[in-house]
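Asker: Submitted below is the structure of interest, expressed as structure tokens.
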Amino acid sequence: MAHDLANFLGDVGPIVFYLAVWGLVFAGTALFVGVFIPFITGDSLLFGAGILTGTHPELSIWVLAIGVGIAAVLGDQVGFWLGRRLGRPYLAARGGRWVQAGVRRAERFYELFGWWSVVISRYIPWGRVFIPPIAGISAMKYWRFFTANVVGALSWGVLITVIGYFAAVNPSVRPVAYIVAGVVILASIVAGARAWVLDRRSRRQQPSDEPEPRPLP
């Protein structure tokens, strides 16, 4: 990813590079792009952009990281607003069986974790896309969603970008940076696995004739 981004930077220059990274982060959640190309709108993009910023003096890590945080917050806010305004039909129209399976998984995830689901979902590709509109559909209070959105954007977007930067510029902290990046990726796997286990457990305990619980605000 860093190599591809370097080629792109050489072709378009710093301003367009910033706009492209921010646009991909925004579109990953706001426009459902992350459903189909999660690795180009998620962790790999941020870590690679951070590494590139550390090796190209014409780029600023502060400009990149702050812009990533803002783009991440705005993308989730758009998803939340669309869910609030358009309701469940908005998600029902998003693609085929595989996408709908992701929607159902995210609904269960939101039901299990509530406020924390907005934060944790930043580290899970399908969660980043589906949780914001589901929170809107479930009538989550705006300020509750906004606080979770900001915490998630800072802990995910800004953190991973800055980690990539330090992995490139400081050889002494490079091993630590890669360890932290590995922990972040591992945390996303653990969060997804925990949600799956809790979902399976609740399904086994639920009577077969009882309707599926709806997401709660």
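The values are calculated or read from the model by the stated rules, or taken from the named source; none is laboratory data. Because the structure is a prediction, the values reported are computed rather than measured. A quick note on method: Cβ atoms are made from the backbone with ideal geometry, for glycine too, and the neighbour counts reach across all protein chains shown. Accessible surface is based on the protein model in full, side chains and every heavy atom, while ligands, DNA and RNA are left aside. Shrake-Rupley method; radii C 1.70, N 1.55, O 1.52, S 1.80 Å.
Asker: Do you know the relative contact order of segment 81-141, to the nearest whole percent, from alpha carbon pairs under 8 angstrom that are 6+ apart? Mind dumping the intermediate values first?
Answerer: Details: 54 pairs, mean separation 30.7, N = 61.
In percent, rounded to a whole number, it is 50.
Asker: Would you kindly state how much longer the chain becomes between Asp11 and Val169 on full extension, computed as 0.36 nm times their sequence separation minus their alpha carbon distance, in nm to one decimal?
Answerer: On the way: separation 158, 0.36 × 158 = 56.88 nm, distance 2.30 nm.
Working it through step by step, the gained length comes to 54.6 nm.
Asker: Would you mind getting the Kirkwood hydrodynamic radius of segment 64-109 from its Cα pairs, rounded to one decimal in Å?
Answerer: Details: mean 1/r = 0.0830 Å⁻¹.
Hydrodynamic radius (Kirkwood, Cα pairs) of segment 64-109 is 12.0 Å.
Asker: Ignoring ligands, DNA and RNA, please state the percent of accessible area on segment 40-138 from carbon and sulfur, probe 1.4 Å. Don't jump to the answer; show the numbers that get you there.
Answerer: Working: 2600 of 3910 Å².
Roughly 67 percent, rounded to a whole number.
Asker: Oh, and also: So, by mean Cβ neighbours within 10 angstrom, what's the order for 140-151, 18-29 with the highest one leading?
Answerer: Details: 140-151: 17.3, 18-29: 22.2.
Ranking the peptides 140-151, 18-29 by packing returns 18-29, 140-151.
Asker: Which value, in Å³ per residue, describes the convex hull spanned by the Cα atoms of segment 1-131? Write out the running numbers ahead of the final one.
Answerer: Numbers: hull volume 13.6 nm³, N = 131.
Cα-based convex hull of segment 1-131, divided per residue, equals 103 Å³.
Asker: Suppose each label sits 7 Å from its Cα in the direction of the beta carbon; what would the Trp116-Ile179 distance come out to in nanometres?
Answerer: Placing both labels 7 Å beyond Cα along the Cβ direction yields 2.5 nm.
Asker: What is the packing order of peptides 128-138, 58-68, 152-162, taking the mean over residues of other C-beta atoms within 10 Å and listing the highest first? It would help to have the intermediate numbers written out before the result.
Answerer: On the way: 128-138: 27.5, 58-68: 17.9, 152-162: 22.6.
So the peptides 128-138, 58-68, 152-162, ranked by packing, come out 128-138, 152-162, 58-68.
Asker: Given a Förster distance of 35 Å, report the FRET efficiency between Trp62 and Trp143 from their Cβ-Cβ distance, rounded to the nearest 0.05. Each step should come with its number before you reach the end.
Answerer: Numbers: r = 28 Å, r/R0 = 0.79.
That gives a FRET efficiency of 0.80.
Asker: Once phi is turned into θ = phi - 60°, what whole-Hz ³J(HN,Hα) does the Karplus curve with 6.51, -1.76 and 1.60 give for every residue of segment 20-31, x standing for Gly and Pro?
Answerer: Each residue's phi maps through the Karplus curve to give 5, 5, 4, x, 5, 4, 5, 5, x, 10, 5, 10 Hz.
Asker: Residue by residue through segment 117-122, what is 3J(HN,Hα) from phi via Karplus (6.51 cos²θ - 1.76 cosθ + 1.60, θ = phi - 60°)? Round to whole Hz and write x for glycine and proline.
Answerer: 4, 5, 6, 5, 4, 4
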